[in-house]
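Note sheet for the following structure.
All of the numbers you see were taken from the coordinates with simple rules; none came from a lab. Everything quoted here is computed from the prediction, not taken from an experiment. All Cβ positions, even for glycine, are placed from backbone atoms using ideal geometry, and neighbour counts span all protein chains on display.
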Amino acid sequence: MLEELVSDAEDRMKKSIANLRLELSKLRTGRASTALLDQIRVDYYGTSSPLNQVSTVTVSDPRTISISPWDKSMIPVIEKAIMESDLGLNPMSASETIRVPIPSLTEERRIEITKIAKSEGESCKVAIRNIRRSCNSDLKEWLKEKEITEDDERLGQTQVQTLTDRFVASVDEIVAEKEKEIMTV
């Protein structure tokens, strides 16, 4: 019962970390990354589809993303979708491919993006602490209903706190790594 609670808490915390990594991958650094275009959707024969499902998206060099649509008639639609996104990118078509140059970031914009990264990290920490609070309330409830002993409750709280500390430290490492990546010119 106790092991199940701790295992469930660990799984939920891992999901929070995975979500943080996903959100941080969307932040634009000075380098090209296919993850930048993951949230872009295009109208593909009346259906809103993710860009990577209607084309091949690759990084051709550190400052350029190449997009090769499977249907060449999609080139203007893809260009329009990229321009309308809030990424500030300006695609250029070259025959059958679209090249998206990634402009270098200004110092001001880099600082702004690091603040967003810190905010995402803080949101993840809050989610992890909420998981801890939920586990601790479950433990208290079980103690109240005499399903576990006081020693088991203390042991459970200690295990959950250890997990929480480990995952919060992991969040700090991930955010620091992203900040370093963003601030590198």
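Using 7 Å Cα-to-Cβ label points, what is the Val126/Ala18 separation (nm, one decimal)?
The answer from the label model is 2.3 nm.
For Arg31 and Lys72, what does the FRET efficiency come to when R0 = 30 Å and r is the distance between their Cβ atoms, rounded to the nearest 0.05?
0.60
Using θ = phi - 60° and the Karplus relation 6.51 cos²θ - 1.76 cosθ + 1.60, list the HN-Hα couplings for the range 61-77 in order, rounded to whole Hz, with x at every Gly or Pro.
So the Karplus estimates, Gly and Pro as x, are 7, x, 10, 9, 9, 10, 10, 10, x, 6, 10, 5, 6, 7, 3, x, 5 Hz.
Under a plain spin-label model, where a point goes 7 Å from the Cα along Cα-to-Cβ, how far apart in nm are Met1 and Ser134?
With each label placed 7 Å out from Cα toward Cβ, I get 2.0 nm.
Quote the charge dipole size of the range 1-152 about the Cα centre in Debye, to the nearest 20; the model charges only the Cβ of Lys and Arg (+1) and of Asp and Glu (-1). It would help to have the intermediate numbers written out before the result.
Numbers: 23 positive and 26 negative charges, 147 e Å.
Once rounded to the nearest 20, the dipole reads 700 debye.
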